[in-house]
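The values are calculated or read from the model by the stated rules, or taken from the named source; none is laboratory data. The structure displayed is predicted, hence computed values, not measured ones. Here the Cβ positions follow ideal geometry from the backbone for every residue, glycine too, while neighbour counts run over all protein chains shown.
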């Protein structure tokens with residue numbers, strides 16, 4: 001495929017997914033001969049109506065650039081065949097309320113700002129908060145064979161159980177087997193396309209749902225989140241031991257709510273006791289990726305669905321630390 005045609009196909013945005021055919025990894029083949037361009041596309045997660053819209057868009061765009069007629073054919077393709085993900089990273093914690101979802105969101109923002117394509121799977125089915133942080137709304141499009149994630153303002157694909165509910169405050173009152181099935185379906189049925197990083201926001205603890213994610217996804221490693229309190233120490237060790245027992249590498253630890261900075265006196269105050277970041281990093285045999293402060297600005301942005309607007313050195317530290325651990329930097 002020549003460069004001009006590659007640019008054309010990368011410019012065709014799939015409605016609902018808000019990502020291009022190239023980004024979704026749906027371009028199977030392009031043949032050009034005797035004044036005719038034949039484009040073969042995968043049909044993963046695309047309804048018949050959507051295929052008509054996309055097909056017409058491709059025909060018009062190709063003709064405008066090449067001056068040649070175009071034929072668009074769709075072939076059967078599963079989401080698993082379309083998904084090409086460089087690294088799948090789980091973000092976990094031993095207990096709830098320590099900021100696991102916040103760290104997932106900030107990691108995603110950091111990696112995206114460094115030029116990587118990033119997606120987020122909110123696997124905390126009963127306590128979803130990722131959609132609220134990123135301001136994503138609406139129900140995902142798709143078919144019985146595949147789902148297109150909802151895309152944030154900056155173009156980050158996000159999938160969460162909250163996006164499938166009639167209202168965001170509707171509780172998910174399910175027993176373990178149903179949660180297990182839903183998580184496995186997220187693994188099989190969501191069309192991520194080409195991603196450098198897929199971040200999975202795990203449920204808190206070490207019970208069934210976390211075990212399912214660890215087994216159902218090709219996890220490269222985990223980032224463990226904690227807060228400074230002494231009580232957290234034992235719980236963090238449980239999470240670390242679970243990752244070890246599942247043969248998953250701990251890529252780093254993050255201490256959230258580590259301090260509160262008072263600019264008027266240029267002082268950091270340890271609201272929840274002295275930092276335990278270095279201790280936990282030593283226990284995990286992994287780097288301390290960041291010590292996140294209690295920041296009212298960040299909290300306000302998350303409440304407004306604007307986490308992608310947050311500016312702080314700790315954001316770049318998070319992503320750079322993870323990349324260094326993975327050997328990318």
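Worth a mention:
- Across the stretch 26-36, a minimum of one residue is classified as assigned to a loop (DSSP other than H, G, I, E, B), at positive phi and surrounded by fewer than 14 Cβ atoms within 10 Å (Cβ to Cβ).
- Take the conditions (1) modelled with pLDDT under 85; (2) on the phi < 0 side of the Ramachandran plot; residue 226 misses just one of them, which is (1).
- Among the candidates 79, 88, the residue that is out of contact with any helix residue (DSSP H, G or I) (no Cβ under 8 Å at 6 or more places or on another chain), under 30 Å from residue 105 (Cα atoms) and in contact (Cβ under 8 Å) with a residue 40 or more places away in the chain is uniquely 88.
- Taking residues in the stretch 129-152 that are assigned to a strand (DSSP E or B), and partners anywhere that are surrounded by fewer than 19 Cβ atoms within 10 Å (Cβ to Cβ) and modelled with pLDDT of 90 or more, the pairs with Cβ atoms closer than 7 Å and at least 6 places apart or on different chains are 143/47.
- Out of 291, 249, 276, sole residue that is at pLDDT 90 or above, touching a strand residue (DSSP E or B) at 6+ places or on another chain (Cβ under 8 Å), over 21 Å from residue 210 (Cα atoms) and in the same structural domain as residue 221 (by TED's automatic domain parsing): 291
- Residues considered: 109, 103. Of these, the only one that is in a helix (DSSP H, G or I), closer than 19 Å to residue 18 by Cα and in the same structural domain as residue 242 (by TED's automatic domain parsing) is 109.
- Residue within the stretch 86-94 that is in a helix (DSSP H, G or I), in contact with a strand residue (DSSP E or B) (Cβ under 6 Å, 6 or more places away or on another chain), within 25 Å of residue 244 (Cβ to Cβ) and assigned by TED's automatic domain parsing to the domain that holds residue 315 present: no
- Selection of the stretch 183-216 for residues being buried (at least 19 other Cβ atoms within 10 Å of the Cβ) and within 17 Å of residue 239 (Cα to Cα) yields 200, 201, 202, 203, 204, 206, 209, 210, 212, 213, 214.
- When residue 22 is tested against (1) under 17 Å from residue 157 (Cβ atoms); (2) assigned to a helix (DSSP H, G or I); (3) in contact with a helix residue (DSSP H, G or I) (Cβ under 6 Å, 6 or more places away or on another chain), exactly one condition is not met: (2).
- Test: residue 282 is over 20 Å from the mean Cα position of the chain (by Cα), more than 15 Å from residue 104 (Cα to Cα) and buried (at least 17 other Cβ atoms within 10 Å of the Cβ): no
- Whichever residue in the stretch 304-321 is modelled with pLDDT of 95 or more and assigned to a helix (DSSP H, G or I) and, among such residues, is farthest from residue 224 (Cα to Cα): 309
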